[in-house]
Amino acid sequence: MPFPRKVSIIIRKRTLFVLLVLLLSLMNTTTLIHAQSPSLKVIDAYWTVRGSKVTSARIGEEVTAHIKVKAEGGTVQGILTIKVRQDAEVWIDKDYAVREVSVALSSGAEKEYTLTFTPFDASGEKLKEVLGEPKLRGYYLQVEFKDEKIYTMESAYPPRLTVPAPFWAICVADATVDTIEKDTNKGGESYLEVSDTSQELFGAIQRAYLRFDVSGLPEDAMVESAILKLHVRMLGGTHTIGAHYCPDNSWKESEITWNNAPPFEAHVLDEVVISKDSTWYGWNITESLRNIWPQNEVTFVMVSEDKQELKSSLLWFDSKDQEYEWMKGYKPRIAIYWSLPKEPSSISCNISPKLVGFGEEVFITGRITPAVSTVDVDVTIIAPDGSKALVTTKTSGDGTYKASFIPDQLGTWKFAASWKGNEDYEGATSPDVSLKVVKASTVLSVKLSESKITKGDSITVLGSIYPAVSGATVILNFTKPDGSTLKKTVTTGSDGSFSLSFELTETGSWT
């Protein structure tokens, strides 16, 4: 009975075909539904420092990461996680700062979110003593929504953030002094204690003295920023720690105690709240270093600016004296950004002419001295009503620049040129120069279409205003043969011209 067997085979093939068609249909349907489901998309990401966009920041400088998101395909709602991550060369990237925020956006809506952090590791420097001492490339942004990664900043620099390496001032002496053991020297220990439990029974005060070698900088160096970095080893509670300047560098690590420690200034250079162990913290000591420069060594004292209970008073910073090799990366240090003094410069600004009619062009010229070529010059223009405009141009090979401008208000205008400076020269701003804008002189011309016509005919008066004034009202006065006056008005066109036609009803001479 071969026939039924053949039919059975045909049915199976047809069944498989139908199933395949249904499967493809379901796949297409699933894809369509997925494409229409609401989603959150990152449409912009960037960094700012003090409100200006950057792709590079310094150690200890507060950086704000910005992301802008857009809801697509419907309303989205959930937890958005913003991460600033460290980009390591040959090691696993790690989160450096994290912020979670609740998001609820309707379809098409956009919103910006920020995360502020302070980098304490520089690009090109090693992160930890493992697998060939991996180095930090920089920092980048990663965004998750509902625990799913939706954005990772592209791997190029920029847009990723770099932190240039500073000059590192090395700690050459450090020690704890305390009121319990006033004559005991604690130099050489692997940690520094800072706390104040003096209000408690059997309480005490611990302070840390640190001296740094800054002799590697030129004597004429200009300190731009300086951050004292300390690594927290152990922490028992929240502490507010201040950095104080000590003018006496004569103390010795092996001899300093509470009783012989040199006095320090009462002024707090900077104070930081310590709330997490195994973490770097930084104090801004720029003001102090600038005031005392130049120096070969400098001493700072870390002081608890608040009081703690005994049970939560523990705070250990890692000292310069570390027994294990892998701990030596946690030694105290100062990150110093500096530059050599720049030569002064000047810039001039001239306006020609200094008295113009409304709508006339003004020429702005000047020079940077000493001559600096192909740099931007910004000309700030203040109108009579106080509004401002900015014209930017570049210098030529001899340091001169030129630009033009057409003022659009009557009255006195002010102009000033400036440039930001470069590696060799400081920037400069010119004195203000003034421009007076007055009403422009115009010429009104008039002619008639005919010099002689018949009573009852129409005559056309043609005319124009030069320079062209669009939409101006022109008053035409006609003297009739009987001496009376006829007054008519007409409006100019875009080219300043006008025309008027009317019928003459009286014979005689019209003017």
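For the chain, the Cβ-based charge dipole about the Cα centre amounts to some 3240 debye (Lys, Arg positive; Asp, Glu negative; other atoms uncharged). The GluC sites (Glu not before Pro) of segment 290-348 that meet both conditions, a loop assignment by DSSP and at most 13 other Cβ atoms within 10 Å of the site Cβ, are Glu309, Glu323.
Considering the chain at the alpha-carbon level, its Rg and Dmax are found to be 39.1, 130 Å. A dipole drawn for the chain from +1 and -1 charges on Cβ atoms has a positive end, and of Pro341, Trp47, Ile453 the residue lying farthest that way is Ile453. One decimal place: the segment Glu200-Asp306 gains 36.9 nm when fully extended, by the rule 0.36 nm per residue minus the C-alpha distance. Distance distribution note for segment 39-152: the fraction of Cα pairs above 23 angstrom is 35%.
Within the chain, the longest segment free of exposed loop sites, counting trypsin sites (Lys or Arg not before Pro) that fall outside DSSP classes H, G, I, E and B and have at most 13 other Cβ atoms within 10 Å, spans 355-438. In terms of its Cα atoms, segment 379-511 spans 84, 28, 17 Å along the principal axes, sorted from long to short. Normalised Debye scattering of segment 269-413 at q = 0.15, 0.19 Å⁻¹ gives log10 I(q)/I(0) of -0.89, -1.20, counting only Cα atoms as equal scatterers and leaving out solvent.
Taking 26 Å as the cut-off for C-alpha to C-alpha distance, list the pairs among Lys111/Lys420; Lys229/Lys420; Lys53/Lys111; Lys182/Lys311 that go past it. Flagged as over cut-off: Lys111/Lys420; Lys229/Lys420. If you wrap the tightest convex hull around every Cα atom of segment 167-339 and split its volume per residue, you get 106 Å³. Rounded to the nearest 10 degrees, the angle from helix 2-36 to the longest Cα principal axis of the chain is 80 degrees. Calculated mean residue ellipticity, 222 nm, the chain: -3000 deg cm²/dmol, from DSSP H runs (n ≥ 4) at -39500 (n - 2.57) each, averaged per residue and rounded to 500.
One decimal place: the segment Leu462-Glu297 gains 50.5 nm when fully extended, by the rule 0.36 nm per residue minus the C-alpha distance.
Normalised by 2.2 N^0.38 Å, where N is the number of residues, the C-alpha radius of gyration of segment 443-503 stands at 1.19.
A dipole drawn for the chain from +1 and -1 charges on Cβ atoms has a positive end, and of His239, Ala266, Phe363 the residue lying farthest that way is Phe363.
When you filter the GluC sites (Glu not before Pro) in segment 83-120 for DSSP loop state and at most 11 other Cβ atoms inside 10 Å of their Cβ, nothing is left. Kirkwood radius, segment 346-438, all distinct C-alpha pairs, inverse of mean reciprocal distance: 13.3 Å. Hey, got a sec? Which GluC sites (Glu not before Pro) in segment 328-426 land in a DSSP loop and have at most 10 other Cβ atoms within 10 Å? Those satisfying the criteria are Glu361, Glu423. Ranking Gly397, Pro407, Ser254 by Cα position along the charge dipole of the chain, where only Lys, Arg, Asp and Glu carry charges on their C-beta atoms, puts Pro407 farthest toward the positive end. All Cα-Cα separations within segment 164-243 were binned at 5 Å from zero, giving a P(r) of 3, 11, 19, 21, 17, 12, 9, 6, 3, 1, 0, each value a whole percent of the pairs.
For segment 46-91, the Kirkwood estimate of the hydrodynamic radius, built from every pair of different alpha carbons, is 13.6 Å.
A short reminder: the numbers here are calculations on the coordinates, not readings from a lab. Being a predicted model, the structure only gives us computed values, none of them experimental. Every residue, glycine among them, receives a Cβ derived from its backbone with ideal geometry; neighbour counts consider all protein chains shown.
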